[in-house]
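This report refers to the structure that appears directly beneath it.
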Amino acid sequence: MDIGAVPALGSPIRALDRFTARHPFSHNDHFHGWILRNLPSRRNRALDVGCGEGLLAARLAESFRTVDAADDDAAMRAATDGRNLPNVRVLDGFDSAVGPYDLVTMIATLHHLELEPALERCRELIAPGGRLLVVGLARPDTLSDALWVTASALANPVMGFVRHPAPATEPTEPPVFPVRDPAETFDEVAAAAAAILPGAALRRRIPFRFTLDWRAL
């Protein structure tokens, strides 16, 4: 049913969309803080898979001796390379990474990959005592998922206002990132992680993301 055809529902949603557009913020960048608060104690080498424009790689470079930034997309690699960070090396995709790493990160990347092989490769790349930190997207499927999405939708404009209190006068064109809808549900990701990464901790987060935290033995 088209919500726009129901005035009682369509008008508030359209108003919420307009408000959110005037106070935008990046859901992915929002989780940089979570990653930086959970870095491993040994910080020699880090790998950021799906580095995008290199924002997280640049921040990791402040804490690690070297950072490998991997992306399948040539435009994203060029953007990261253009930052000219002396201790960041840009890799042509996840397959080009050679471990061991003290940290592997992914933000909005795991759902672009085959789930089980990607988790297995992360396990192989991480040195004993190292850490895997994933911020991911999952396909809503259960009542818990519906509540998670609803809470995220309600919190989103508030978080945008806090981060961007001055209304944007013109719509901001987002970077052209590769986009793919997630195929796996949160429960499916959790089951795969339990089998491949014993002890991994997964949590639904607001807004619209989950986190996966695993320490290699």
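Results, tabulated for the structure shown:
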read-out: Filter result for the condition that a residue is assigned to a helix (DSSP H, G or I) and at pLDDT below 95, over Val149, Val179, Val189; value: Val149
read-out: Qualifying position, being touching a Pro at 6+ places or on another chain (Cβ under 6 Å), farther than 20 Å from Ala216 by Cβ and not polar (S, T, N, Q), among His27, His32; value: His27
read-out: Residue match in segment 86-98 (condition: in a loop (DSSP other than H, G, I, E, B), touching a Gly at 6+ places or on another chain (Cβ under 6 Å) and not hydrophobic (A, V, I, L, M, F, W, C)); value: no
read-out: Subset of segment 105-134 [of a type in the set (A, V, I, L, M, F, W, C) and either more than 16 Å from Leu202 (Cβ to Cβ) or in a helix (DSSP H, G or I) (or both)]; value: Leu110, Leu113, Leu115, Ala118, Leu119, Cys122, Leu125, Ile126, Ala127
read-out: Exclusive hit being modelled with pLDDT of 85 or more, closer than 20 Å to Phe208 by Cα and among the aliphatic types (A, V, I, L, M), set Leu16, Leu47, Leu36, Leu85; value: Leu36
read-out: Pro167 being modelled with pLDDT under 95 and part of a loop (DSSP other than H, G, I, E, B); value: yes
read-out: Verdict on Leu154 being in a helix (DSSP H, G or I) and at pLDDT below 95; value: yes
read-out: Which listed residue is modelled with pLDDT of 95 or more and under 15 Å from the mean Cα position of the chain (by Cα), from Gly130, Gly136, Gly99; value: Gly136
read-out: Per-region count, segment 176-217, residues touching a helix residue (DSSP H, G or I) at 6+ places or on another chain (Cβ under 6 Å) and at positive phi; value: 1
read-out: Residue among Leu115, Leu119 that alone is closer than 23 Å to Arg215 by Cα, in contact (Cβ under 8 Å) with a residue 60 or more places away in the chain and surrounded by fewer than 22 Cβ atoms within 10 Å (Cβ to Cβ); value: Leu115
read-out: Residue list for segment 44-85, restricted to those being in contact with an Asp or Glu (Cβ under 6 Å, 6 or more places away or on another chain) and farther than 19 Å from Val135 by Cα; value: Asn44, Arg45, Arg77, Ala79
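The values are calculated or read from the model by the stated rules, or taken from the named source; none is laboratory data. Values in this document were obtained by computation on a predicted structure and should not be read as measured data. With ideal geometry, Cβ positions are generated from the backbone for all residues, glycine too; neighbour counts draw on all protein chains shown.
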